[in-house]
Structures are given as C-alpha cells and as structure tokens.
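The values are calculated or read from the model by the stated rules, or taken from the named source; none is laboratory data. All of these numbers come straight from a predicted model, not from anything done at the bench. All Cβ positions, even for glycine, are placed from backbone atoms using ideal geometry, and neighbour counts span all protein chains on display. Ligands, DNA and RNA are stripped out before the accessible areas are found, and what is left, the full protein with its side chains, is counted by its heavy atoms. Shrake-Rupley method; radii C 1.70, N 1.55, O 1.52, S 1.80 Å.
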Amino acid sequence: RYLRSIDPYAHIITTSFGGGLGDEKVWSLPEIEYTQSHTYSGMDKVEEVIQAAEYFLEAYKKPFLVGEFGVGGSGGESETRDPDGLHLHNGAWAGVMAGTMGTAMTWWWDGYVENGNMHRHWAPVARFATDLPTVVRPLGAGEVRVAYAEKNPPLAYDDVIIEGRGASWQEAEFNKPQSFAVDKDGHVEGMERLARVLHGVRNHPTLHNPATFELDCDRPCRFVVEVSGVSGHGGAGLRISVDGQAVLERTFPDEDDSTATLTEYNGPYSVDVPAGRHTVTVENTGNDWVYVAYTVEGYRPLVEPNYRVLGVTGSGRAWLWLHNRQSTWSRQLRRKQDPIPIPPSLLTLEGLPDGFYRVEWWDTWRGEPFGTVGARSSRGWMRLQVPGFARDLACKIRPD
C-alpha cells in the first residue's frame, strides 16, 4: 500500500522469491498485481513453464510471469550446457502460449545472451504475437486432441521425465519418504509430494525423503537420476535400489572450505530395470542435500504423435504452438541427439465458433509464415492436417 501511495506513475507491483512457490500470504495481497516464479533446474523447460502457469494462474487469479529461468545458476552454465539457446527458444514460446504475461525471462543478458547473439530467439515469437488481443484464454487440456495421420503407425516408445517442484529446508509433505506410481502414459499422480531436493541422513535427518517409483515396463528400460547440484555444506550421497536391492551407490564428498554448491558431480546416474512391475527407490545417503530429476528411458508407448499443443484463444481466433517433446536442451546436451521428427498428423481443436477459417502455419525459428490452408469448425470442433516438423511450429487460426 505504501508503494502505491508514493508512486505517481502507477507502476505494476510485484515481488519475487528465490525458489519454490513463494509465500501465499504475500501473493494473495491485493497490492501484488502479478505473480512470478524463478527456476534454474529441470530438463524440460516447457513442462516447467506449463506447471508453473497452471499453478499460479489457478491459485491467485492474477497475471503470471516466469520472471527468471535457466539451465543452471550461472551464465557460464548456460553457455556450456546450451550454447545454441534451445531453452531460450522453448521458454519464449511456452511463456506466451501457456497464457502467461510474456516470454520466460533469462537473467544472463550481458554474457550469455549478448555474447552468444541469443536475441534471435525473441524476434520470431514477437512477430508471431503482434496480433494477440489484450485478453486471451489458455487452452484447456481437453480442448485439443492429436492423432497419427497414418492408420497403423509402428509402435515406438519415448522417455518419461519426472521433475519435482518441492524445495525447502523446513517440514513439508515432500520432505518425507514418498511413493509414486508411474502410469503407462507417463502420468505421475501426486507430483506435489515429489521434491527436487533429496535431503541426507545427517545435517537434516528429519527431512530425509527417499522417493520410490512404481513402474510397469512393457520392455526393459533405464531409470536415470540427473544430479544438478550438491550441498557445499557437507556433500551428499546417492543410492538407487531396484525392488529393494541397492544397484548403484555413489558418494559426493565436500572436500574444500567453500560453501558454494558443488557442480563436479552433476550428470546422469542410471540403472537398468527389467520388463514388468518393479520399484525404484532413490535415496540420499550422505550428509546434506542434492538436487535431482528423473528420467525413465523408453517407458511410454507412443499411441499418439509425440508433441504437446499449447495455445490461447480470444476474439474468435486461436494461436497454437506445437512442440516436439524430445526437443529439449537436456536431450541435446546429454545424448547429443536431435529429436525424432514428428510425421504429418491430425489435430482436433474445440471451442471456435462454427464457420470457415484461415490457418496460417509459421516457422518458429525464422519468425515467418510458410503456408495457409482453409479449415472449418462444425459443432464446435475443427480438424487440422498438421505438416511434419522437426522441433516445433505454430499457427494462427482466423475467421475467413
């Protein structure tokens, strides 16, 4: 209230928190006019933006922005891990198309962005968004369906990425031992109980929080724990057990006088899991904390094309972004693999008024349209033929 009383220019008022979801008492204040989150962990930045947007928009009914994000806590990490800026591209498009106030924002302008000429990632989405109305509504999960154009496509499998959001050094539900069932489609129930920080057994023993994952593998797969930071206040440890039997054990000692986060242990630690039903338990057996995320490689059968659709609607129009789920900075870094291209497919969209429309397809890397086709909405549904693509593409749907 005091800030508002002394500001003759009526600036928008917000604040920010160093991690986690922040303080609901602060975000709920009427004087706080938009909310934001900061995140420097995670292998799939698009999924992080989606989860944050869904939570904050629903919880506080205010505009929301990803105010800071990146692939690590320093500009140097971004330059090493993602020299092409793929996470910037994905964060820019995901932020706009998930219904937030704008693109997900990077902190590292003077080094990473300037030295790497990363400005090129914002021009395309800026050109695409020039005709967005002031008020738009994000598409709901049930308003878009995708299917293969081919009748009997060969069966393929993809990875399931599992990333917790809980991070605190206080008593919390996610700072207790927890179990999670991973469905065939990759869905994990109770993600609010999954921490991205595993606490050890000595410095904070009451927060010790091993995570157990219940898997049902169609075929042999691999479970990967991605370490992205270890406590500089004593180090940590890692134990991965399959069906209660320890399969991999590592120690991450803290061998200097600095309390800075240790990064020399960062990377993937994996175990093989046979076909069938099995449990995998991940535990920190060391002194203090470690940041983790999880991947179950080759687990999810691809019964539909492997891309997500984000979009917004308003004024009887729609703007869509189609993102190949394999187009992530972590896959590019760790596996040195390009995403498997998406074949031509079918997309069904609900909610536009009946009538004829013009669909303008956009190249998201060049920031320009490459083709226009006609489409019809009937009984509230529209079916689009989607051209094949490698990483992502977008379209504008307008009345004809």
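Residue-by-condition table, conditions (1) over 18 Å from Cys395 (Cα atoms); (2) among the aromatic types (Phe, Trp, Tyr); (3) modelled with pLDDT under 95:
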| site | (1), (2), (3) |
| --- | --- |
| Gly76 | yes, no, yes |
| Arg81 | yes, no, yes |
| Asn90 | no, no, no |
| Thr103 | no, no, no |
| Trp108 | yes, yes, yes |
| Gly116 | yes, no, yes |
| Pro124 | no, no, no |
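For region 157-176, the set of residues classified as assigned to a loop (DSSP other than H, G, I, E, B) and either within 18 Å of Glu226 (Cβ to Cβ) or open to solvent by 40 Å² or more (accessible area, probe 1.4 Å) (or both) consists of Glu163, Gly164, Arg165, Ala167, Trp169, Gln170, Glu171, Lys176, listed by residue number. Take the conditions (1) touching a Phe, Trp or Tyr at 6+ places or on another chain (Cβ under 6 Å); (2) in a loop (DSSP other than H, G, I, E, B); Asp288 misses just one of them, which is (1). Here Trp289 meets the list (1) in contact with an Asp or Glu (Cβ under 9 Å, 6 or more places away or on another chain); (2) of a type in the set (A, V, I, L, M, F, W, C); (3) surrounded by 15 or more Cβ atoms within 10 Å (Cβ to Cβ) almost entirely, failing just condition (1). Across region 225-264, the qualifying residues are those that are closer than 22 Å to Glu189 by Cα and out of contact with any helix residue (DSSP H, G or I) (no Cβ under 8 Å at 6 or more places or on another chain), and the one among them that is surrounded by the fewest Cβ atoms within 10 Å (Cβ to Cβ) is Gly244.
Look at (1) within 19 Å of the chain's Cα centre (by Cα); (2) more than 29 Å from Met382 (Cβ to Cβ) and you find that Gly99 fails only one, number (2). Checking each residue in region 379-400 for being farther than 9 Å from Tyr357 by Cα and not in a strand (DSSP E or B) picks out Arg379, Gly380, Pro387, Gly388, Ala390, Arg391.
Which of the residues belonging to region 128-146 are closer than 18 Å to His323 by Cα and surrounded by fewer than 16 Cβ atoms within 10 Å (Cβ to Cβ)?
Within region 128-146, Gly140, Ala141, Gly142, Arg145 qualify.
Exactly one residue among Pro301, Pro268, Pro274 is surrounded by fewer than 18 Cβ atoms within 10 Å (Cβ to Cβ) and either closer than 20 Å to Lys45 by Cα or free of Cβ contacts under 8 Å to residues at least 24 places away in the same chain (or both), and that residue is Pro268. Only a single criterion out of (1) without any contact (Cβ under 8 Å) to a residue 24 or more places away in the chain; (2) over 16 Å from Pro138 (Cα atoms) is not satisfied by Lys61, namely (2). Against the numbered list (1) of a type outside the set (A, V, I, L, M); (2) open to solvent by 20 Å² or more (accessible area, probe 1.4 Å); (3) modelled with pLDDT of 95 or more; (4) touching a Lys or Arg at 6+ places or on another chain (Cβ under 7 Å), Arg222 comes up short only at (4).
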